[in-house]
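Worksheet: one structure, shown below.
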Amino acid sequence: MAMRTLLPALTALFLVTTPVAAQDFFGSFEDFVEELLPQRQAPERPRPAPVPAAPDPADEAGAEDADPPPMPRPRPVGLGEDGDAAEMPEDEPNPPPPVAEPPPPIPDPPGEALDDADAGVDGDIPLPQERPDVSPEPPASPAAEEAEAEPAAPSGPTAVPGRIYQTACPALLSGTVVGEMVAPIAEGICGERSPLVITAVRVNGHEIGFSSPVTTNCAMAGALADWVGEVDAYANAVLDSPVASLGTGTSMMCRNRYSAADGFVSEHGFANALDVVGFTLADGSSINVESDWLPAAAPEGRLLRQAHGAACGRFTTVLGPEANADHEDHFHVDLGCHGQTCTAQICE
Ligand SMILES: [Zn+2]
């Protein structure tokens, strides 16, 4: 009731005291007040108080805010959710790190532990190769090899620094050759990643030792066993005495062919060649290339020619006394690549 008399008075007061610039504001202010009146006529006396303060633009905003008091209500209600929601985005970035941290460390330790164990074992000499030596039985060795290979496979991707990667040798696993795989050899251009040091072959039901250990690759080792086995069968059939041992000469040696100052590197430089000086039979007789190549018709000469011919079927290079003077005292056999497809052979 009093509002109707009070408002005009206030309006007049403002018109007098307020600059012209504020008149536009008062136009809207009056409309605003008229809208308020019907609602507040009843009990809301306290409202008049804010009205006189409303003249300032700042208060107008305050007046509008005053009408929607419900607005603040949702806030307190929502504060819990909004507050959380507001905090969540800030907290979310924080939580992920802790979540991401646990998983990686957990899976890694076991993998690394295995790798470390393998790396430690493989440090000098790989385990897998030692087993065939201990147990020549073919069935047991391959099974053990697979068991070793499977756990080693998953550790591959993790790539443990310093690990030595080599290739297993079937002839060694089966016990056809006696020896062990040794660390990779790297001497300038020369070398072999999976060299073997073998001391004997097991063929025709018995073991034939070498006069000196041979450092060679797996392919050579397998071919050597086959070749010696063939010579052994011939000796046993023709000379009534099997081969007891193989006279071995140079195997791994980083040098050029014929030890020349320049030219191609010898296959000896890649553990891919072997020089054989002769055979010792079980009866104690010794048949050497240097002394027994001639006469050709003698039993010893025949055995050496049979051996030479048999080698030509298993190696890509076979050089004997008839090749040149450098080979008058030994057979040189290797698995070097001849021809564009490595199918050519040299048999001299
Ligand atoms: Zn040679």
Q) What length, rounded to one decimal in nm, is gained on full extension from GLU187 through to THR167, with 0.36 nm per residue of separation minus their alpha-carbon distance? A) 5.3 nm
**Q.** Gain on full stretching of the segment that runs from ASP262 to CYS342 - 0.36 nm per residue minus C-alpha separation
**A.** 26.5 nm
Q: Name the long-range amide H neighbours of VAL178: under 5 Å, sequence gap of 5 or more, or other chain; modelled H, no Pro or chain starts.
A: THR199, ALA200, VAL201, ARG202
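Rule-based calculations on the coordinates, nothing more; no lab input. Just so it is clear, the structure is predicted and the values come from calculations on it, not from any experiment.
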